[in-house]
Amino acid sequence: MIPVVFVTPHGDVTVEAAEGVTLLEAGQANGVEIEYSCKDGRCGVCQVTLLEGEANLSEPDIDEVDELFDRIDDGVRLACKARILGPVKVRIR
């Protein structure tokens, strides 16, 4: 299992996630509230900001790139698309 830290307005929450699950799936499985709507990268509601572990998330796919444009360069990712490959820390909006 891989440690994932979610920085929330109420404090940091550390959970354990299986490799390959999305940030959204990891959060939902552990009671971390991440706002979402479509779950397939088209609405942009589930944006999170990557704080640590850029190399430990999957590469953005075309839907994520189309939705986020240049915000990916600022560490913004879609929780429904970013798959966990190693330890990461993200801020929930």
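Couple of notes before you dig in:
- Failed condition for Phe6, given (1) buried (at least 16 other Cβ atoms within 10 Å of the Cβ); (2) among the aromatic types (Phe, Trp, Tyr); (3) assigned to a helix (DSSP H, G or I): (3)
- Only residues that are assigned to a loop (DSSP other than H, G, I, E, B) and either at pLDDT 95 or above or in contact with a helix residue (DSSP H, G or I) (Cβ under 8 Å, 6 or more places away or on another chain) (or both) were counted in segment 60-93, giving 9.
- If the condition is being under 16 Å from Lys81 (Cβ atoms) and under 11 Å from the mean Cα position of the chain (by Cα), then segment 1-20 contributes only Val4.
- Scanning segment 59-88 for residues being of a type in the set (A, V, I, L, M), surrounded by 13 or more Cβ atoms within 10 Å (Cβ to Cβ) and farther than 16 Å from Phe6 by Cβ gives a total of 4.
- Scope segment 63-89; condition among the hydrophobic types (A, V, I, L, M, F, W, C) and under 19 Å from Tyr36 (Cβ atoms); matching residues: Val65, Leu68, Ile72, Val76, Leu78, Ala79, Cys80, Ala82, Ile84, Val88
- Per-region count, segment 21-49, residues assigned to a loop (DSSP other than H, G, I, E, B), more than 12 Å from the chain's Cα centre (by Cα) and under 14 Å from Ile84 (Cβ atoms): 1
The values are calculated or read from the model by the stated rules, or taken from the named source; none is laboratory data. This is a predicted model, so every value here is computed, not measured. Neighbour counts are summed over all protein chains in view; Cβ atoms, including those assigned to glycine, are modelled from backbone coordinates with ideal geometry.
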